[in-house]
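Before I ask anything, here is the structure I am working with.
Each reported figure results from applying straightforward, stated rules to the coordinates on display, with no laboratory input. Everything quoted here is computed from the prediction, not taken from an experiment. Every residue, glycine among them, receives a Cβ derived from its backbone with ideal geometry; neighbour counts consider all protein chains shown.
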Amino acid sequence: MSWRDFWNGEHAIYVSPRHKLLHYRQVAADVIRHIPSPDAVVLDHGCGEALSADRVAAQCGKLYLCEAAPSVREKLAANFSHIRKIAVVSPEEVAALEDASLDLVVANSLIQYLSRTELSDLLALWREKLKPGGRLVIADVIPPDVSPLTDASQLLAFAWRGGFLTAALAGLVRTALSDYRKLRAELGLATYTEGEITLLIGGAGYLAVERQPNFGHNPHRMTFAARRPPETPDLDGRDGIVPG
Ligand SMILES: C[S@@+](CC[C@H](N)C(=O)[O-])C[C@H]1O[C@@H](n2cnc3c(N)ncnc32)[C@H](O)[C@@H]1O
């Protein structure tokens, strides 16, 4: 089994419906903090079920929800097809979007499931699709020194605050026995130091890479924001893009 198969199948990452609801509400609030204007065109890449995408859509002009897992895309379409500002898309459909058409790209809790090469390819794709000066936010990046035990304790703290502690305790036991734990041990999760991910994003041609408060409930993971370079006149007088 690969991570892709895992996300496409039934899993118990969320310990209860309340956990899932509060998680996506928090992620939506975090995405909204980065929306630059009410008419912004936003891509949430690797959005999962995005249960609060309606809240995000209410704060921007257009919201693309990109999911690799067909089963998740079906749920997204069922929940949001009535909202005209929301378009559910596959990764292939993102590649087919018009270049320089997005104001904001967010990817929360995605890059740990990607290889280094897949991440480099996506950084290049997002840069192409962002408008000059557009913003990229990569969130929930796992540093190498954060253990599954820290993740578990942060989940329990979130559950305590959110009123689903009993479900979280039961969920942690289920996770310990689940495909997720086996896959995490077998395939691992990609981890990055702050220096490493900053260099990767900068090396892919983005400017002003900076650390931001993390999305979601786990402050031990990291969020980074960066910009596609703005348009500036070329030396020969035509409009161009500053090389990254
Ligand atoms: C941990 S979930 C995160 C979901 C959501 N962003 C959140 O904040 O809860 C990762 C999601 O990324 C999706 N995914 C994995 N690789 C992807 C790719 N290359 N393109 C788009 N989605 C991908 C998975 O199917 C899964 O739904």
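Please give the net charge around Phe80, taking every other residue with its beta carbon less than 12 angstrom from that of Phe80, where Lys and Arg add +1 and Asp and Glu add -1.
Surrounding charge for Phe80 is 0.
Same structure again: In what order do Leu43, Leu122 fall by count of nearby beta-carbon atoms within 10 Å, going from fewest to most?
Placing the least packed residue first, the sequence is Leu122, Leu43.
Length gain on complete extension for the stretch Glu118 to Leu165, per 0.36 nm per residue less the alpha carbon to alpha carbon distance?
Answer, rounded to one decimal: 13.3 nm.
Next up: Set the Förster distance to 45 Å, then compute FRET efficiency between Ser71 and Ala208 from the Cβ-Cβ distance, nearest 0.05.
Working from the Cβ atoms, E equals 0.75.
Right, next: With no solvent and one equal point scatterer per Cα, compute the Debye intensity ratio I(q)/I(0) for the chain at 0.13, 0.16, 0.17 Å⁻¹ and report its log10, rounded to two decimals.
-0.82, -1.25, -1.41
Rounded to the nearest 20 debye, what is the charge dipole size of the range 95-244 about its Cα centre when +1 sits on each Lys and Arg Cβ and -1 on each Asp and Glu Cβ? Could the numbers behind the result be given before it?
Working: 15 positive and 18 negative charges, 131 e Å.
With only Lys, Arg, Asp and Glu charged at Cβ, the dipole is about 620 debye.
Please state, rounded to one decimal and in Å, the Kirkwood hydrodynamic radius that the range 1-144 gives when every pair of distinct Cα atoms enters the mean of 1/r.
Numbers: mean 1/r = 0.0648 Å⁻¹.
That comes to 15.4 Å for the range 1-144.
Further, regarding this structure: Kindly put Cys60, Cys66, Cys47 in sequence by how many other C-beta atoms sit within 10 Å of each C-beta, fewest to most.
If I rank by nearby Cβ atoms, fewest first, I get Cys60, Cys66, Cys47.
Pairs of alpha-carbon atoms within less than 8 angstrom and 6+ residues apart define the contacts here; what relative contact order does the chain have, in percent? The partial results should precede the final answer.
Numbers: 413 pairs, mean separation 51.3, N = 244.
For the chain, the relative contact order is 21 percent.
Then there is this: What's the exposure ranking of Ile138, Ile201, going from fewest to most Cβ atoms within 10 Å?
Lowest count first: Ile201, Ile138.
Take peptides 24-30, 96-102 and line them up by average Cβ neighbours within 10 Å, highest first, as a rough protection proxy. Walk me through the numbers on the way to the answer.
Details: 24-30: 19.0, 96-102: 14.1.
Taking the mean over residues of other Cβ atoms within 10 Å, the ranking is 24-30, 96-102.
Using the crude model of +1 on Lys and Arg Cβ and -1 on Asp and Glu Cβ, and no other charge, please compute the dipole size for the range 3-229 relative to its Cα centre, in debye to 20. Before the final figure, lay out each step's value.
Values: 25 positive and 25 negative charges, 126 e Å.
For the range 3-229, the charge dipole is close to 600 debye.
Efficiency by 1/(1 + (r/R0)^6): what FRET value for Ser37 and Ser153, r their Cβ-Cβ distance, R0 = 41 Å, to the nearest 0.05?
0.60
In addition: As I understand it, the dipole of the range 3-229 uses +1 on the Cβ of Lys and Arg and -1 on the Cβ of Asp and Glu, about the Cα centre. Which of Ile13, Ala176, Ala28 lies farthest toward its positive end?
The listed residue farthest towards the positive side: Ala28.
Separate question: In nm, to one decimal, how far is the modelled label at Ile13 from the one at Ile83, with both set 7 Å along Cα→Cβ?
Going by the 7 Å Cα→Cβ label model, 1.9 nm.
Continuing with the same structure: With unit charges on the beta carbon (Lys/Arg positive, Asp/Glu negative), name the residue among Leu123, Leu43, Ala157 whose Cα is farthest towards the positive pole of the charge dipole of the chain.
Ala157
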